[in-house]
Amino acid sequence: MHGANPGRWAASVVGFHWLMAVLIVVVMTLGWVAEEYPSSPDKVTLFVWHKSFGLTVLLLLFFRLLNRWNKGAPRHELQSWERMLSRTVQGALYLCMLAMPLSGWIINSAADFPLNVFWLIPLPPLTGASESLAELAEEVHVTILWIMVSLLVLHIAGALRHHVIGKNQVLRSMLPGAKPGTGQ
């Protein structure tokens, strides 16, 4: 499937991409700040925001994948190795966007801590209480974080490579409001 413009991502795909990029940076920042914060009600508040936005990413992921499947991808002239690397990195990022919030939900569940999204929506635990499972899920969560950071660096480097070295429209096709070939 391909969108209306063969060299441009559909506006909804671009919107999901940038909305989720911002949310992922917010979630990572909140998690890091909360982890370093001294024990206090403020630390709990930071974690509620972290978990709530993380679960928002999980929910949006399903809508994003459905939208992406429905809208298709633009046709860019890429070498086979570029196409394979791009698909691998993007697929791994999607897996991280799924695994990261699920592992966080398991941490919360195994720690026997109630999970309320934005203080309003209670979610059921995914597991029973288990200190060892909570510790394992936390290790998985942190490992996925570093994998995701590495993948994001590759993703950004690839986009910049296309723009600076390849001088093609790959990066421009994902920028909000930009029109391929115009430099805008």
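Computed over the alpha-carbon atoms, region 86-171 gives an Rg to Rh ratio of 1.18, Rh here being the Kirkwood radius from the mean inverse distance. Centre-to-centre, using Cα atoms only, region 10-82 and region 109-169 are separated by 9 Å.
Note on E138: accessible area approximately 90 square angstrom, rounded to 10, probe 1.4 Å, nucleic acids and ligands left out.
Suppose the chain between E77 and K43 were pulled fully straight at 0.36 nm per residue; how much longer would it get relative to their current alpha carbon spacing? It would help to have the intermediate numbers written out before the result.
Details: separation 34, 0.36 × 34 = 12.24 nm, distance 4.82 nm.
That works out to 7.4 nm of additional length.
Surface calculation, 1.4 Å probe, protein heavy atoms: I156 sits at approximately 100 Å² accessible. Accessible area of L95 (1.4 Å probe, protein heavy atoms only, ligands and nucleic acids ignored): about 120 Å². Cα convex hull, region 1-149: 122 Å³ per residue, rounded to a whole number.
Put simply, the amide H of V117, placed in the peptide plane, has neighbours under 5 Å in L123, leaving out anything fewer than 5 places away on its chain.
Residues L93, L154, L98, sorted by accessible area with the largest first, give L154, L98, L93 [1.4 Å probe; ligands and nucleic acids excluded].
Can you sort F47, F62 by solvent-accessible area, 1.4 Å probe, largest first? Don't skip to the end; give the middle numbers.
Details: F47 50, F62 120 Å².
Ranked from most to least accessible, the order is F62, F47.
Rounded to the nearest whole Hz, the Karplus-based 3J(HN,Hα) values (6.51 cos²θ - 1.76 cosθ + 1.60, θ = phi - 60°) of region 9-16 follow the sequence 5, 4, 4, 5, 5, 4, x, 4, with x at glycine and proline. One chain, two ends: A11 and W119. Fully extended at 0.36 nm per residue, the span grows by 35.7 nm beyond their Cα-Cα distance. Sorting E139, E77 by accessible area puts them as E77, E139; the probe is 1.4 Å, largest comes first, and only protein heavy atoms count.
In sequence order, region 37-44 has phi-based couplings of 6, x, 4, 5, x, 5, 5, 4 Hz under the Karplus curve 6.51 cos²θ - 1.76 cosθ + 1.60, θ = phi - 60°, and Gly or Pro positions carry x.
The values are calculated or read from the model by the stated rules, or taken from the named source; none is laboratory data. From a predicted model like this one, the values you see are computed outputs, not experimental measurements. Ligands, DNA and RNA are stripped out before the accessible areas are found, and what is left, the full protein with its side chains, is counted by its heavy atoms. Shrake-Rupley method; radii C 1.70, N 1.55, O 1.52, S 1.80 Å.
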